[in-house]
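Notes follow once the structure below has been shown.
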Amino acid sequence: MTRFTRIFTATPADIDELGHVNNAVWVRWIQDIAVAHWQAVARSEHVAAYIWVVTRHEIDYRGNVGVGEHVTGETWVPGKPYGARFDRHVRFTGSDGKIKVEAITSWALLDRGSGRLLRVRDAIAAPFLEG
């Protein structure tokens, strides 16, 4: 499987009343890293023709991150798609080496032009499963 990483830094706008990154921000970061992975690894013609939408998030919050702190986001696709759906794993690790958030998200593939749901073909999935 092809793993993809990206650094995220908590800004003052990301912080909630408890002084750490808000849960909604973690969801946004999950989506941001997934989209960045798609754009970095997928063939350009696939990026132009298809779009992914989230169908489910399962998130475990294991630690807190405050303003100015960095986390390394890592994402990967652990197995083949089933029908139109593709599961993706995401993990955010703090500079202390501890996992702060882990997630499994399900995504569905849509035709960008028509908005219709599509079966994920092997050619679309292959760049995410190689490696």
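The values are calculated or read from the model by the stated rules, or taken from the named source; none is laboratory data. Everything numeric here is computed off the predicted structure, so don't read it as measured data. Note that we place each Cβ from the backbone using ideal geometry, even for glycine, and neighbour counts take in every protein chain shown. Heads up: the accessible areas ignore ligands, DNA and RNA and are worked out on the full protein's heavy atoms, side chains in. Shrake-Rupley method; radii C 1.70, N 1.55, O 1.52, S 1.80 Å.
Go ahead and estimate [θ] at 222 nm for the chain from helices alone: -39,500 (n - 2.57) per DSSP H run with n ≥ 4, summed, over the residue count, rounded to 500. The helix contribution divided over the chain gives -7500 deg cm²/dmol.
Using the 1.4 Å probe convention, the accessible area of region 1-64 works out to 58 Å² per residue with neighbouring protein chains retained.
From most to least packed by mean Cβ count within 10 Å, the peptides 110-118, 29-37 give 29-37, 110-118. Here the Karplus relation 6.51 cos²θ - 1.76 cosθ + 1.60, evaluated at θ = phi - 60°, turns the backbone of region 29-37 into coupling constants of 5, 4, 5, 4, 6, 5, 5, 4, 4 Hz, with x for every Gly and Pro. Sparsely packed loop sites in region 1-98 (the trypsin sites (Lys or Arg not before Pro) outside DSSP H, G, I, E and B with at most 15 other Cβ atoms within 10 Å) comprise 3, 43, 62, 98.
Ignoring the sites themselves, the chain has its longest run without GluC sites (Glu not before Pro) in a DSSP loop having at most 14 other Cβ atoms within 10 Å at 18-129.
Look at (1) 38, 30, 21; (2) 43, 30, 23; (3) 53, 26, 24: the one that is Cα extents along the principal axes in Å derived from this structure is (2). Surface composition of region 1-94: carbon plus sulfur atoms hold 50% of the accessible area, using a 1.4 angstrom probe and ignoring ligands, DNA and RNA. In units of the compact-protein estimate 2.2 N^0.38 Å, region 6-65 shows a Cα radius of gyration of 1.36.
Between amide H atoms placed 1.01 Å from N, distances below 5 Å from residue 50 occur with 112, all of them 5 or more places distant or on a separate chain. Taking all Cα pairs closer than 8 Å and separated by 6 or more residues, the relative contact order of the chain comes to 32 percent. Rg/Rh for region 72-131 (Cα atoms only, Rh after Kirkwood) is 1.09.
The H on the amide N of residue 101, modeled in the peptide plane, is under 5 Å from the matching H of 62, 92, each at least 5 residues off or on a different chain.
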